[in-house]
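Chemist: Just dropping this structure here.
The values are calculated or read from the model by the stated rules, or taken from the named source; none is laboratory data. Not measured: the values here are computed from a predicted model. No Cβ is skipped: glycine too gets one built from the backbone with ideal geometry, and neighbour counts run over all protein chains shown.
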Amino acid sequence: MKKFLLFVILIIPFLNVNAQGIGELAPTKPPDIFPDNAIGADIIFSESGFGLGAFYRHQFNQKITGFADFSISEAKDPQEFTYVDYFGNTYTYGKINRAFLLPVNLGVQYRLFENDIYDNLRPYINIGIGPAIVLTTPYDREFFNAFHAAKLYPTLGGYIGLGANIGINKKNLLGINIRYYEIHLFNKGIEILQNKLENDLGGFFITVNIGTMY
């Protein structure tokens, strides 16, 4: 969680939000009308590392937007501890498998405070649900070579989130979203650390959205 707070502190100065646009009075000009569709990429930060994703959004009205997204990110056991040796090599004691999350979600995004905050900051809540795959590879093999022995575990997942789109550019989309993912395996679980099975994967993720509206 310390990583999340540090990241938020670092990114706030670059958001370029006009503070005068936030207040209790309604905007004096008509609200901006943004294009109905958006497509782009997600850059994902979590306590397990980094991830990448892609999204498509369609705005049904000024408050409700439907979306589909896909991502891939690493999952780790909360008890993992990585050692760095004298030569700079890293090793996680007791680790059996690397694990990766590949969820596909369909969901709804609901805009908040559209009459109270200027359009250069458009906060929203969102919820998504859909199929997911948990992929594991042997930790004792080289990273890319280990994918030859990968195992797939299909399941279901989803998330709830709070975010905001930033800026009034009608072409380029920039946003940030804090999400809590839940991915549950219905079998006995996967072994990330030796002799320890994990059924529930996910956690908090910070996602930076970069895309194009049309």
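Chemist: Report, ordered by the first and then the second residue, all pairs with beta carbons closer than 7 Å, sequence separation of six or more or different chains, a first member in region 202-214 that is over 27 Å from residue 78 (Cα atoms) and in contact (Cβ under 8 Å) with a residue 40 or more places away in the chain, and a second member that is surrounded by fewer than 21 Cβ atoms within 10 Å (Cβ to Cβ) and charged (D, E, K, R).
Modeler: Filtered contacts from region 202-214: 212/171; 213/170; 213/171.
Chemist: Which condition from (1) closer than 18 Å to residue 125 by Cα; (2) at pLDDT below 80 is the one that residue 68 breaks?
Modeler: Of the numbered conditions (1) closer than 18 Å to residue 125 by Cα; (2) at pLDDT below 80, the odd one out for residue 68 is (2).
Chemist: Go through 175, 158 for me and flag whichever is touching a residue at least 12 places away in the same chain (Cβ under 8 Å) and in contact with a Phe, Trp or Tyr (Cβ under 8 Å, 6 or more places away or on another chain).
Modeler: 158
Chemist: Now, a different point. Would you check if residue 4 is modelled with pLDDT under 95 and surrounded by fewer than 15 Cβ atoms within 10 Å (Cβ to Cβ)? Before the answer, list the steps.
Modeler: On the way: modelled with pLDDT under 95: yes; surrounded by fewer than 15 Cβ atoms within 10 Å (Cβ to Cβ): no.
Answer is no for this residue.
Chemist: With 183, 190, 166 as the choices, which residue is within 23 Å of the chain's Cα centre (by Cα), more than 20 Å from residue 76 (Cβ to Cβ), surrounded by 17 or more Cβ atoms within 10 Å (Cβ to Cβ) and at pLDDT below 95?
Modeler: Details: 183 fails: more than 20 Å from residue 76 (Cβ to Cβ); 190 fails: more than 20 Å from residue 76 (Cβ to Cβ).
Answer to the selection: 166.
Chemist: Looking only at region 70-91, count every residue that is touching a residue at least 60 places away in the same chain (Cβ under 8 Å) and over 19 Å from the mean Cα position of the chain (by Cα) and tell me the total.
Modeler: 2
Chemist: Being surrounded by 20 or more Cβ atoms within 10 Å (Cβ to Cβ) and closer than 17 Å to residue 42 by Cα, is that true of even one residue in region 88-99?
Modeler: no
Chemist: Further question: Could you tell me which numbered condition residue 175 fails, if it satisfies all but one of (1) closer than 22 Å to residue 123 by Cβ; (2) at pLDDT below 95; (3) over 11 Å from the mean Cα position of the chain (by Cα)?
Modeler: (2)
Chemist: Conditions: (1) more than 20 Å from the chain's Cα centre (by Cα); (2) under 22 Å from residue 214 (Cβ atoms); (3) at pLDDT 95 or above. Residue 119 meets all but one. Number of the miss?
Modeler: Condition not satisfied by residue 119: (3).
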